[in-house]
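The values are calculated or read from the model by the stated rules, or taken from the named source; none is laboratory data. These figures come from a predicted structure and were not determined experimentally. Every residue, glycine as well, gets a Cβ built from its backbone with ideal geometry; the counts of neighbours run over all protein chains shown. These area figures cover heavy atoms from the full protein model, side chains too; ligands, DNA and RNA do not enter into them. Shrake-Rupley method; radii C 1.70, N 1.55, O 1.52, S 1.80 Å.
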Amino acid sequence: MQPLKYYIRTWGCQMNEHDSERYSGMFNQMGYLEVSKIKDADIVLFNTCCVRENAERKVLGNIGRLKHFRKKKPNLIIIVAGCMMQQPHVIEIINKDLSFVNLILGTYNIHRFPQLLEKALKENHSKRPLVEVWDQAKNVVEGIPSIRKFKFKAFVNIMYGCNNFCSYCIVPYTRGRERSRSKEAILEEISTLVKEGVIEVTLLGQNVNSYGKDLYDEYDFSDLLEEIDKLDGIKRIRFMTSHPKDATEKLIDTIAASKNICENFHLPVQSRSNRILEKMNRHYSREQYLEFAEKLYEKIPNITLSTDIIIGFPDESDSDFHETLSLAKKVAFDNAYVFLYSKRSGTKAAESTCQIPENVKHERFDKILSELNSIAYSKNLGMIGNIETVLVDGISDKHPGSIHGRTRGNKIVTFKGDSSLIGTIVPVRIIDARRATLIGELC
Ligand code: 5AD
Ligand code: SF4
């Protein structure tokens, strides 16, 4: 008998991408085959995100469209998982309007997937989805297999959850409180990955800077980085995300003194206005943020800095916005992800009666984006002539005969070359720049 084929679609952050790799791992262990087109699948799994309303709407629309597939393929199994499912109102919507879904599971019980799938397969054609969503995490579960997208680079979770309750953010409600993995489990996983050919790891957590606080008295994120840096065979270490309130000078010194930690820092600022930062419950001031950014530039001269910015947070005045706009110029970010504030029910900011009209949000968004783009472009222009080491990760679709990869500073570079270089680190001279990418030539 032919093995059943599965298709996974992922929305949201790297954490979700990595969860999908674990779903793939479990599917494969059960003998299923992955396909890249939904039309070829017997089982469809949507791994969902609810950080912004937009993502949530898209997911619901996509689930709705599966009804047509089901008509053509009556035995199609539909599974929905991830952050969105941790919200009771979403389960209600699915039960009411999208009840053809077979299985719903949340973020805390991924390891239960094989048993739940088996049960859902037996119960196929029942009228309602099988729902198993836990309202909190139990222990950190180790040993879930992963099928990783790349052979030479990998995501590694170092912790789950978030304790910060930024007033706009749904994540603490969908991913629960911080749970660090033990340093032994992390080091062992990375050592195994290196043996399998991985040379770059990206350490994942909602707030990696508070790694270990729930487990150890002394040992912190910098100590973990230092140990990973010493592992034989590892060439590049990245991490995300850092919360500015927990970013320490020790961390900067650890990066500066290390061999393999990449000179790239993602440090979400969200806003530059102290008034708004306070309302966001961020626990740092613009002065503290700027001081940290200055230290980074001072101690690691070739560091690249990226950030997240929210535009249109409740009560954001014109002058608050202009402060954020001026921050963009002052810090000269290499890359910035700008988001329109999205009201998430259950969060503190959603209760505010001072919501910003959509047209004002959009005007501010366009303005700051064009400023950030021109800064990023001029920083990229400044790199022309540099020789950068690039980890090649794929063939360029846009430029025939070209490949692309990333510098240590996480800039994308496209240059002439062939697929035999994928997975290797090569020296590349930068010869031209675009806003979001660099053009190079092999040295
Ligand atoms: N609206 C807009 N952006 C948000 N983010 C988190 N919650 C919201 C929201 N409700 C952004 C933050 C965070 C990034 C991952 O998503 O900037 O850093
Ligand atoms: Fe959300 Fe803030 Fe936690 Fe990041 S630190 S996941 S923005 S609550």
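Touching a residue at least 24 places away in the same chain (Cβ under 8 Å), buried (at least 16 other Cβ atoms within 10 Å of the Cβ) and in contact with a helix residue (DSSP H, G or I) (Cβ under 9 Å, 6 or more places away or on another chain) - does that describe any residue in the stretch 399-407?
Checked against the condition, which is being touching a residue at least 24 places away in the same chain (Cβ under 8 Å), buried (at least 16 other Cβ atoms within 10 Å of the Cβ) and in contact with a helix residue (DSSP H, G or I) (Cβ under 9 Å, 6 or more places away or on another chain), the stretch 399-407 yields no hits at all.
Being part of a loop (DSSP other than H, G, I, E, B) and within 20 Å of the chain's Cα centre (by Cα) is the filter; apply it to the stretch 213-248 and report the residue that is farthest from ligand 1 (Cβ to nearest atom).
At the first step, the residues of the stretch 213-248 found to be part of a loop (DSSP other than H, G, I, E, B) are 213-220, 230-235, 241-243, 247-248.
Next, from what is left, pick out any that are within 20 Å of the chain's Cα centre (by Cα): 241-243, 247.
Working: Thr241: 7, Ser242: 10, His243: 9, Ala247: 14 Å.
Result: Ala247.
Within the stretch 293-311, can you find the residues that are within 16 Å of ligand 2 (Cβ to nearest atom) and surrounded by fewer than 22 Cβ atoms within 10 Å (Cβ to Cβ)? Before you say what the answer is, go through the steps one by one.
Step one: filter the stretch 293-311 for residues within 16 Å of ligand 2 (Cβ to nearest atom), giving 306-311.
Listed by number, the residues that qualify are Ser306, Asp308.
Considering only residues that are within 12 Å of ligand 1 (Cβ to nearest atom) and more than 15 Å from Arg275 (Cβ to Cβ), look in the stretch 313-340 and name the one that is surrounded by the fewest Cβ atoms within 10 Å (Cβ to Cβ).
Only one residue fits best here, namely Tyr337.
Which is open to solvent by less than 10 Å² (accessible area, probe 1.4 Å) and either at pLDDT below 95 or under 24 Å from Thr324 (Cα atoms) (or both), of Ser271, Ser285?
Working: Ser285 fails: open to solvent by less than 10 Å² (accessible area, probe 1.4 Å).
Result: Ser271 is the single residue among Ser271, Ser285 that is open to solvent by less than 10 Å² (accessible area, probe 1.4 Å) and either at pLDDT below 95 or under 24 Å from Thr324 (Cα atoms) (or both).
In the stretch 26-38, is there at least one residue being closer than 29 Å to Gly312 by Cβ and at pLDDT 95 or above?
The first filter runs over the stretch 26-38 and keeps only residues closer than 29 Å to Gly312 by Cβ, leaving none.
For the stretch 26-38, residues closer than 29 Å to Gly312 by Cβ and at pLDDT 95 or above: absent.
For (1) in a loop (DSSP other than H, G, I, E, B); (2) in contact (Cβ under 8 Å) with a residue 12 or more places away in the chain; (3) touching a Gly at 6+ places or on another chain (Cβ under 8 Å); (4) open to solvent by 10 Å² or more (accessible area, probe 1.4 Å), each residue gets a yes or a no:
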| residue | (1), (2), (3), (4) |
| --- | --- |
| Gln2 | yes, no, no, yes |
| Gly12 | yes, yes, yes, yes |
| Asn16 | no, yes, yes, no |
| Gly25 | no, yes, no, no |
| Leu45 | no, yes, no, no |
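Mind checking which pairs have a first residue in the stretch 239-251 that is small (Gly, Ala, Ser) and a second that is more than 14 Å from ligand 1 (Cβ to nearest atom), Cβ under 6 Å, 6 or more apart or different chains?
Ala247/Phe292
If only one of Asp315, Asp308 is part of a loop (DSSP other than H, G, I, E, B), at pLDDT 95 or above and of a type in the set (Asp, Glu), which one is it?
Working: Asp308 fails: part of a loop (DSSP other than H, G, I, E, B).
Only one candidate qualifies: Asp315.
Say we look at the stretch 118-138 and pick out the residues that are open to solvent by 100 Å² or more (accessible area, probe 1.4 Å) and under 30 Å from Glu178 (Cβ atoms); which of these is modelled with the lowest pLDDT?
Among those that are open to solvent by 100 Å² or more (accessible area, probe 1.4 Å) and under 30 Å from Glu178 (Cβ atoms), it is Lys138.
I'm checking my understanding of the structure. Among residues of the stretch 332-346 that are within 14 Å of ligand 2 (Cβ to nearest atom) and not aromatic (Phe, Trp, Tyr), which one is modelled with the lowest pLDDT? Steps first, answer last, please.
Filtering the stretch 332-346 for residues within 14 Å of ligand 2 (Cβ to nearest atom) gives 337, 339, 341-342, 344, 346.
Applying the additional criterion that residues be not aromatic (Phe, Trp, Tyr) yields 342, 344, 346.
Working: Ser342: 96, Arg344: 95, Gly346: 92.
Ranking the qualifying residues of the stretch 332-346, first place goes to Gly346.
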